[in-house]
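Notes follow once the structure below has been shown.
The values are calculated or read from the model by the stated rules, or taken from the named source; none is laboratory data. These numbers were taken from a predicted model, which means no experiment stands behind them. Methodologically, a virtual Cβ is constructed for each residue, glycine included, from the backbone with ideal geometry; neighbour enumeration extends over all protein chains shown. Just the protein is used for accessible areas: all its heavy atoms, side chains included, with ligands, DNA and RNA removed. Shrake-Rupley method; radii C 1.70, N 1.55, O 1.52, S 1.80 Å.
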Amino acid sequence: MKYMTVQVVTPDGVRYDHHATYISIRTLAGDMGILPDHVNIIAPLIVHEMKIRRIDDENHVDWVAINGGIIEVRDNFVTIVADSAERERDIDVSRAERAKLRAERKLQAAQTTHDIDEVRRAQVALRRALNRINVGSHR
Ligand code: ATP
């Protein structure tokens, strides 16, 4: 059976490394489904969940929270380089809930003072927290 080697790499190390028959991921241009023998590409990613169907268990799906970064697909090797990424089983959902509340409070305060930079920072933090909560709920 054809497969791809999928690796997610962050400054903290390799966060995911498996053989897969299918992955889905969200790039800046939109959602992508990737099968073996996909054309070679490099694309920027947005904060979203990656879904992976592994070769060793067709009925099981892995989820990884990808916090932005870049995907490269080359000759059935899929490499995702991200500032941070967490598998569903590694996510501390209560920590993400606290991060969400903090980000919501910061967003509200920044909107009140019209601090555009702080609004953007809070929006990114909120997106990361919501993504982790979503991925953590797949456990
Ligand atoms: P927090 O405010 O909770 O620290 P953050 O969005 O500021 O969240 P990051 O700077 O994106 O955190 O990540 C710092 C490190 O902590 C990374 O290694 C990331 O994988 C990890 N991390 C962040 N949030 C969680 C979480 N809810 N569960 C597990 N690991 C997390």
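How high is the FRET efficiency from Glu72 to Arg98, r the C-beta distance, R0 35 Å, rounded to 0.05?
The pair Glu72/Arg98 has a calculated efficiency of 0.55.
Calculate, for Thr5 and Gln108, the FRET efficiency according to 1/(1 + (r/R0)^6) with r their C-beta to C-beta distance and R0 41 Å; round to the nearest 0.05.
With a Förster radius of 41 Å, E is 0.40.
Report, in degrees rounded to the nearest 10, the 0 to 90 angle that the Cα long axis of helix 116-136 makes with the longest principal axis of the chain.
Rounded to the nearest ten degrees, it is 50.
Roughly how tilted is helix 93-112, in degrees to the nearest 10 and between 0 and 90, from the longest Cα axis of the chain?
50
Taking segment 1-76, which GluC sites (Glu not before Pro) meet the DSSP loop condition and have no more than 12 other C-beta atoms within 10 Å?
Sparse-neighbourhood loop GluC sites (Glu not before Pro): Glu58.
How large is the Kirkwood hydrodynamic radius of segment 92-136, counting all unique pairs of alpha carbons, in Å?
10.3
If you count only protein heavy atoms with a 1.4 Å probe, what accessible area per residue comes out for the chain, rounded to a whole Å²?
Result: 58 Å² per residue.
Hey, what did the chain get for relative contact order, percent, Cα under 8 Å, at least 6 apart?
Once normalised by length, the contact order is 22 percent.
Computing the accessible area with a 1.4 Å probe over protein heavy atoms, can you report the carbon and sulfur percentage for the chain?
The nonpolar share, carbon plus sulfur, comes to 50 percent.
If the viscosity is 1.567 mPa s and the temperature 4 °C, what Stokes-Einstein diffusion coefficient in µm²/s follows for the chain when Rh is the Kirkwood radius over Cα pairs?
Answer, rounded: 82 µm²/s.
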